[in-house]
1. Please give the length that would be gained between Asp251 and Leu26 if that part of the chain were fully extended, namely 0.36 nm times their separation in residues minus their C-alpha to C-alpha distance (nm, one decimal).
2. Positive end of the dipole of the chain, charges at C-beta (+1 Lys, Arg; -1 Asp, Glu), about the Cα centre: which of Asn139, Phe112, Gln52 has its Cα farthest in that direction?
3. If you plug each phi of the stretch 169-175 into the Karplus form 6.51 cos²θ - 1.76 cosθ + 1.60 with θ = phi - 60°, what whole-Hz ³J(HN,Hα) values come out, in order, with x for Gly and Pro?
4. Taking the Cα centre of the stretch 103-173 as the origin, how large is its charge dipole in debye, to the nearest 20, when only Lys and Arg (+1) and Asp and Glu (-1) carry charge on their Cβ atoms?
5. Which ³J(HN,Hα) values, rounded to whole Hz and listed in residue order, are derived for the stretch 233-238 from phi using the Karplus coefficients 6.51, -1.76 and 1.60 in 6.51 cos²θ - 1.76 cosθ + 1.60 with θ = phi - 60°, glycine and proline given as x?
6. Using square roots of five times the C-alpha gyration tensor eigenvalues, list the equivalent-ellipsoid semi-axes of the stretch 24-149 in whole Å, biggest first.
7. Longer than 24 Å from Cα to Cα, which of Lys18/Lys100; Lys151/Lys212; Lys96/Lys212; Lys92/Lys189 are they? Say none if no pair is.
8. For the stretch 55-135, run through the chymotrypsin sites (Phe, Trp or Tyr not before Pro) and keep only the ones in DSSP coil with at most 14 other Cβ atoms within 10 Å of their Cβ.
Amino acid sequence: MLYEIYNRLMEPILPDMKIEASCQGLWWTCVTSLIGTGIAMTYQDRLGKTWQNPENLPLHEVAQWIYDWDLRKCTFAMAAINACWNNAAALKKNFKGRVKYNSAIHTGLTQFVTENLALGKVVVSVGHFPFLDSLEHDNLYILEKTSHQLKDLPDTACEEILPKADIALITGSSFVNKSAPRLLALAEKAYTILLGPSTPLFPGLSQFGVNKIIGGGLVLNAEEVQRMVRNSAGGELFFSNVYSRVEIDFDASLRADPNRTTDELA
């Protein structure tokens, strides 16, 4: 079901909580509420006639924009949802210390992908991530909506390519355009990693086939992040001292407590 995962993400958002600040930059959109600050990738789509300024609106109301098909509204919605899940209190409650902060994204992923390719595994990446630039292999497939490199395939190839994957890397921005549910279904046989700050740090993702999150975001200084977003900061935002890159291994959480089921993670 398309909306099941979004319905689950919406459940804990209280209707009386207001958005204190929001901004949309060239690359990222940021929403701050009393409980935390969320980030999502900006989609350069039209803004419909029904669009409103998110500031001072209820967080729950803006989060419900995720059911819209105006992707710029969906960007605000996903940032609002992430404000609920991607904060220190939620991480402590939902993962009980099983979180790695400031992970070495590129180094670790390059090694992980290289090792698996050497073992003959098929690696499919939905999104062209910078660490993939140095890798060439017949079993490496990169699907990219706005392809700029010859080795990239169009994202529409996902229906054929993703079911072949042993390892699937999926951009968190797929939650904004609502392709995430279908991508996760296509990758159901793969070891699946969600990448990037648009990813909600939601423990129930394990029930949708996610094994790991890398590069999900914990904002440490909301005002500075808002300033950087307004001034069109790109990837450099996530290697600054105002943002912590979060790594969560769902499989490790289960191994740490073998009596704990994926249902209990939700």
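Computed from the coordinates by the stated procedures, all read-outs in this text should not be read as laboratory data. Please read these numbers as outputs of a predicted model, since none were measured by experiment. Every residue, glycine among them, receives a Cβ derived from its backbone with ideal geometry; neighbour counts consider all protein chains shown.
1. Details: separation 225, 0.36 × 225 = 81.00 nm, distance 3.51 nm.
Difference between extended and current length: 77.5 nm.
2. About the Cα centre, the residue reaching furthest to the positive side is Gln52.
3. For the stretch 169-175, the Karplus-derived couplings read 10, 10, 5, x, 5, 5, 6 Hz, x marking Gly and Pro.
4. Details: 4 positive and 10 negative charges, 24 e Å.
So the magnitude is around 120 debye.
5. Once θ is set to phi - 60°, the couplings for the stretch 233-238 become 4, x, x, 4, 4, 8 Hz.
6. Details: eigenvalues 216, 92, 23 Å².
Those come to 33, 21, 11 Å.
7. Numbers: Lys18/Lys100 30 Å; Lys151/Lys212 26 Å; Lys96/Lys212 16 Å; Lys92/Lys189 30 Å.
With Cα atoms farther than 24 Å apart: Lys18/Lys100; Lys151/Lys212; Lys92/Lys189.
8. Working: sites: Trp65, Tyr67, Trp69, Phe76, Trp85, Phe95, Tyr101, Phe112, Phe131; in loops: Trp69.
Counting only loop positions with at most 14 other Cβ atoms within 10 Å, the chymotrypsin sites (Phe, Trp or Tyr not before Pro) in the stretch 55-135 are Trp69.
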